[in-house]
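*Asks:* Quick one: this structure, given as structure tokens, is what I'll be asking you about.
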Amino acid sequence: MSCAKSLFFGITLLIQFLAINAGVIPSGNYNGKLNYNSNGGSFTSSLANSLGSFGSSIGSFGNMFSGFTGRFTGSSNSNASVTSNAVTGASAQANASLGPNGHAPVLFIHGMYSTSSAFMMIINYLASNGWDRNAMYSVDLPDKLSFGPVNAQVISNAADQLLQRTGAQKLDIVCHSMGGANTMNYILNAGGASKVRKVITLGGANKLVTSTAPSGIEVTTISSSADTIVNPTLLSRLNGANNIVINGVTHVGLLASAQVENLIKENL
């Protein structure tokens, strides 16, 4: 495809994201449209076709972070505002299957056009604060665009293997961007509800799947008022979740923010 066409599709995608964030396009607009063709295994959404060209131009978030040594810490006045909706029954259940070091295993789920290496800094941070590296695993999703059944199966397999390796009954999930939609889809539609203890989404596109936190699971959404890709209110915030909004951190910067790392530690 020519550079001109790639640029056109990239601009088209950007306009769609901006329209979602502005509330012009409802966040539920893509529900039911982001699906796999089970016969051909191909993505059938026109949005996905646009994303393909756009993704090739921006590259992988994971590759970006593989050589990244700095931090996006946000502005100096980036105080977090927290809206905590009572998570009924989830807290008691959350402590049911901690490992010997006092932490549940953690599964990391990346976002659009990213890779498992996107969570390198967060994994290093948690390991330095008592989490067992052998009980943390970052999955690499085959569908870099959305939240179809192929990703749900990959997440399910990774979760089962992590639980088997650690001997834990349940695990925690930390996810970013479209990883939020993939996580919610796994929990609600692919058998994950009985295996997940806590979920933390970072700029998660959660409302592409649901507007309410899954019952019995302690869910924390962390988003930023400076995120121009995923709007905190229209896409991240979930009813029944602990919704935290910080300031001055970009969408990608959520993966490299010291403030976000500390919030993850506090909420796992």
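The values are calculated or read from the model by the stated rules, or taken from the named source; none is laboratory data. Quick caveat: nothing in here was measured; it's all calculated off a predicted structure. Don't worry about glycine lacking a Cβ; one is built from the backbone with ideal geometry, like all the others, and counts go over all protein chains shown.
*Asks:* Which one is farthest from MET112 (Cα to Cα) among residues in the stretch 222-268 that are hydroxyl-bearing (Ser, Thr, Tyr) and in a helix (DSSP H, G or I)?
*Replies:* Of the residues in the stretch 222-268, the ones hydroxyl-bearing (Ser, Thr, Tyr) are 223-225, 228, 233, 236, 250, 257.
Remaining after also requiring in a helix (DSSP H, G or I): 233, 236.
Working: THR233: 20, SER236: 15 Å.
So, considering only residues that are hydroxyl-bearing (Ser, Thr, Tyr) and in a helix (DSSP H, G or I), the one farthest from MET112 (Cα to Cα) is THR233.
*Asks:* Looking only at the stretch 84-104, decide whether some residue is part of a strand (DSSP E or B), among the small types (Gly, Ala, Ser), at pLDDT below 60 and more than 21 Å from GLN164 (Cα to Cα).
*Replies:* Scanning the stretch 84-104, I find at least one residue that is part of a strand (DSSP E or B), among the small types (Gly, Ala, Ser), at pLDDT below 60 and more than 21 Å from GLN164 (Cα to Cα), so the answer is yes.
*Asks:* In the stretch 202-216, which residues are under 13 Å from VAL252 (Cα atoms) and outside any loop (DSSP other than H, G, I, E, B)?
*Replies:* LEU202
*Asks:* If I filter the stretch 234-257 for residues that are without any contact (Cβ under 8 Å) to a residue 24 or more places away in the chain and either on the phi > 0 side of the Ramachandran plot or not charged (D, E, K, R) (or both), do I get at least one hit?
*Replies:* No, the conditions are met nowhere in the stretch 234-257.
*Asks:* In the stretch 161-195, what residues are surrounded by 24 or more Cβ atoms within 10 Å (Cβ to Cβ), farther than 19 Å from PHE119 by Cα and either β-branched (Val, Ile, Thr) or not assigned by TED's automatic domain parsing to the domain that holds ASN151 (or both)?
*Replies:* Once the filter is applied, which keeps residues that are surrounded by 24 or more Cβ atoms within 10 Å (Cβ to Cβ), farther than 19 Å from PHE119 by Cα and either β-branched (Val, Ile, Thr) or not assigned by TED's automatic domain parsing to the domain that holds ASN151 (or both), the stretch 161-195 yields only ILE187.
*Asks:* Is it the case, given these coordinates, that VAL219 is at pLDDT 95 or above, outside any loop (DSSP other than H, G, I, E, B) and surrounded by 24 or more Cβ atoms within 10 Å (Cβ to Cβ)? Break it down stepwise before answering.
*Replies:* Values: at pLDDT 95 or above: yes; outside any loop (DSSP other than H, G, I, E, B): yes; surrounded by 24 or more Cβ atoms within 10 Å (Cβ to Cβ): yes.
Yes; evaluated as a whole, the condition is true for this residue.
*Asks:* Could you list, in sequence order, the residues of the stretch 140-184 that are in a helix (DSSP H, G or I), touching a Leu at 6+ places or on another chain (Cβ under 6 Å) and of a type outside the set (A, V, I, L, M)?
*Replies:* Within the stretch 140-184, just ASN151 meets the criteria.
*Asks:* Which of (1) surrounded by fewer than 17 Cβ atoms within 10 Å (Cβ to Cβ); (2) of a type in the set (D, E, K, R); (3) touching a strand residue (DSSP E or B) at 6+ places or on another chain (Cβ under 6 Å) does ASP132 not meet, given it meets every other one?
*Replies:* Failed condition: (3).
*Asks:* Regarding GLY203, is this residue in the same structural domain as GLY148 (by TED's automatic domain parsing) and either over 23 Å from ASP143 (Cβ atoms) or out of contact with any helix residue (DSSP H, G or I) (no Cβ under 8 Å at 6 or more places or on another chain) (or both)?
*Replies:* When the stated conditions are applied, GLY203 does not pass them.
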